[in-house]
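Take a look at the structure set out below.
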Amino acid sequence: MSREELEGKLAHLRMVLERRGREAILLSQEGAVRWLTGIRHQIVDIAPDAESPVSALVRLRPGAVELTFVTTRFEMPRIRDQLPEVFSGVTGVMIDFRQSPLVPPADALAPGRDGYYEALSEIVRPLLGGVEGNQLQKLEWLYAMTQAVLIETALGLGPGMNGAEVRGLLLRNLAAHDVESNLILVALAGQEKHFHPSYSSRYRTERGCWVKLVAGGRYAELIASTTVMVRIASSPSPEEASIYAALQRGTVEYADLYRSDAIESEMYTAVGERFLKIEKETGLKGFQPSAYFHHMGGPTSPLGNRDYLLEPGGSRRMFPWMQFAINPCDILQYTKVELQGIVMPQGPPRMLDGSRFVSQDLGLFSEVHAQGGTVARVANIVEARG
């Protein structure tokens with residue numbers, strides 16, 4: 001994290017607490033502690049909203065912030081070594097370390113206390129700094145690099161590879177570009193209908209089969225969710241290509257609904273209407289239910305690959321600088337398209353560009369325009385020739 005980014009985060013945290021009449025908050029979720037420090041703390045992978053092995057009690061002081069990091073003696077040498085450097089040069093920050101259990105002050109916001117999750121969400125979920133901010137620059141790099149690694153992996157596939165080998169290749173490529181991942185899904189021949197496949201050596205890539213590669217990339221506190229569809233040693237048929245193109249278009253139409261103050265129930269209904277329009281215009285009979293075939297996706301943040309999934313009767317509203325990730329699957333051949341974007345204060349969302357580190361000569365992305373003005377670069381089907 002840059003010093004400016006960290007100062008902006010602490011100022012934002014202070015504003016939220018003061019508006020709520022509080023002077024302290026305990027950050028204990030893995031994603032929340034990463035948000036504050038920019039550093040990975042868990043040894044065994046855990047969910048972003050799970051309890052971190054390191055927690056931080058943040059107290060507001062006049063003109064300063066006091067941070068008390070609490071952990072076990074097994075983690076203490078590492079955090080004493082790493083965390084002072086994170087906050088070096090940031091004025092008004094006092095750091096302390098504690099090994100014994102800490103009971104938050106009675107007036108502090110803490111897990112299980114009234115108003116805690118609402119305050120935590122208000123602190124951690126918005127992407128701070130606007131279009132020029134360091135958080136957006138990191139997220140754009142992470143999304144593009146994770147997408148590029150998936151495509152690099154896809155191009156390296158060939159017939160006869162098993163699930164463990166494909167997953168291992170993806171992990172190796174992620175590591176080569178210093179991208180951490182908290183989620184990898186690999187679907188090979190026989191797993192085409194698995195929404196969330198589990199890798200296994202019993203499944204293999206076969207000539208002419210579909211392969212689905214999914215990764216949740218992480219960099220510092222940020223999370224990017226990406227998918228690539230692959231065809232092994234063959235090209236999709238014209239009908240298969242038409243279905244996928246319709247899904248690309250439908251996904252961008254769905255993204256177009258992510259506007260400031262939009263209500264999830266109204267968005268849920270509108271997605272189906274837009275997919276129906278695509279079905280009528282393309283003549284792909286039965287395509288419309290693809291809008292709801294997979295889960296609806298939704299907001300994402302350091303607290304989760306998805307903070308929640310949009311529901312048909314939901315009343316939650318979208319807000320400026322909220323991140324979202326959506327990944328519809330078509331009901332006709334089970335392909336998937338995934339996009340990530342940011343709700344802007346006004347107008348259509350800002351879509352992340354996954355093509356940034358991929359040669360345009362490969363023709364692996366299409367620019368898709370939605371009826372409301374949203375524009376996105378969407379991954380095409382990768383033909384892996386081995």
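Since every read-out is calculated from the coordinates, none of them should be taken as a lab result. Bear in mind the structure is a predicted one, so any value in this text is a computation, not a measurement. Note that each Cβ is placed from the backbone with ideal geometry, even for glycine, and that neighbours are counted across all protein chains shown.
Quick look at the values:
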read-out	value
Qualifying chymotrypsin sites (Phe, Trp or Tyr not before Pro) for the range 278-338 [loop in DSSP, other Cβ within 10 Å: at most 15]	TYR308
Distance violations [Cα-Cα > 28 Å] among LYS138/LYS277; LYS285/LYS336; LYS138/LYS193; LYS9/LYS336; LYS138/LYS280	LYS138/LYS277; LYS138/LYS193; LYS9/LYS336; LYS138/LYS280
Rounded Å value of the spacing that divides the Cα centres of the range 352-378 and the range 232-275	14
Within the range 223-296: Cβ-based charge dipole about Cα centre, in debye rounded to nearest 20 (Lys, Arg +1; Asp, Glu -1)	220
GNM top mover of MET145, MET15, MET344 - the chain, alpha-carbon springs below 10 Å	MET15
Choice from GLU192, GLU18, GLU140 with maximal GNM fluctuation in the chain (Cα, 10 Å cutoff)	GLU18
Degrees, to the nearest 10: 3-19 long Cα axis against longest axis of the chain	70
For PHE97, residues with placed amide H under 5 Å, excluding near neighbours	PHE69
Gaussian network model of the chain, springs between alpha carbon atoms under 10 Å - residue of PRO302, PRO48, PRO105 with greatest fluctuation	PRO105
Where trypsin sites (Lys or Arg not before Pro) fall in DSSP loop in the range 276-338, at most 10 other Cβ within 10 Å	LYS285
Relative contact order of the chain, pairs being alpha-carbon contacts under 8 Å that are 6 or more residues apart, as %	16
Largest-first principal axis extents, alpha carbons of the chain, Å	66, 42, 35
Computed helical MRE - 222 nm, the chain, DSSP H runs ≥ 4 contributing -39500 (n - 2.57), nearest 500	-10000 deg cm²/dmol
Radius of gyration and Dmax over the Cα atoms of the range 95-247, both given in Å	20.7, 65
